[in-house]
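Note sheet for the following structure.
Every number here is computed from the coordinates shown, using simple stated rules; none is lab data. Note that the structure is predicted; figures quoted are calculated from it, not measured. A quick note on method: Cβ atoms are made from the backbone with ideal geometry, for glycine too, and the neighbour counts reach across all protein chains shown.
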Amino acid sequence: MRTTLDLPEDLVREAMMASHQKTKTAVIITALQDLVRKRRIQDLRHYKGRVDLDADLDVLRKRA
């Protein structure tokens, strides 16, 4: 999707250096992916201690 954005140049430049990305597009994609990943992790934390996993890893791995 093509979008026009007005971003602070110094912030974009710093983000490019911090993420080792060579293009502004790559920096924005990386930042959006990181934002979504962090939100998904935060949403999963809501279930901490609420899910009862009674799984036997040996059975799951098909070990005798």
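Here's the list of lysines a cross-link from LYS38 could span, going by alpha-carbon distance under 26 Å and ignoring same-chain residues fewer than 8 apart: LYS22, LYS24, LYS48. Between the listed residues ALA31, LEU44, GLN21, the Cα displaced farthest toward the positive end of the dipole of the chain, a dipole computed from Cβ unit charges relative to the Cα centre, is found at LEU44.
The label-point distance for ASP54 and ILE29, in a model that sets each label 7 Å from Cα toward Cβ, rounds to 4.6 nm. Helix 9-19 axis versus longest C-alpha principal axis of the chain: approximately 40°, rounded to the nearest ten. In the chain, Rg over Rh equals 1.29, where Rg is the alpha-carbon radius of gyration and Rh the Kirkwood radius from pairwise Cα distances.
Take the Cβ atoms of ARG45 and GLU14, set R0 to 22 Å, and the FRET efficiency comes out at 0.15.
For the chain, the dipole from Cβ point charges (+1 on Lys and Arg, -1 on Asp and Glu) about the Cα centre works out to 220 debye, to the nearest 20. Using a Gaussian network model of the chain with C-alpha springs under 10 Å, which one of VAL12, VAL36, VAL51 is most mobile by mean-square fluctuation? Looking only at VAL12, VAL36, VAL51, the largest GNM fluctuation is found for VAL51.
Can you tell me the orientation of helix 24-45 relative to the chain, as the angle in degrees between its alpha-carbon axis and the longest Cα principal axis, to the nearest 10? Tilt relative to the chain: about 30 degrees. Per-residue ellipticity at 222 nm, computed for the chain from helices alone with -39500 (n - 2.57) per DSSP H run of at least four residues, works out to -18000 deg cm²/dmol.
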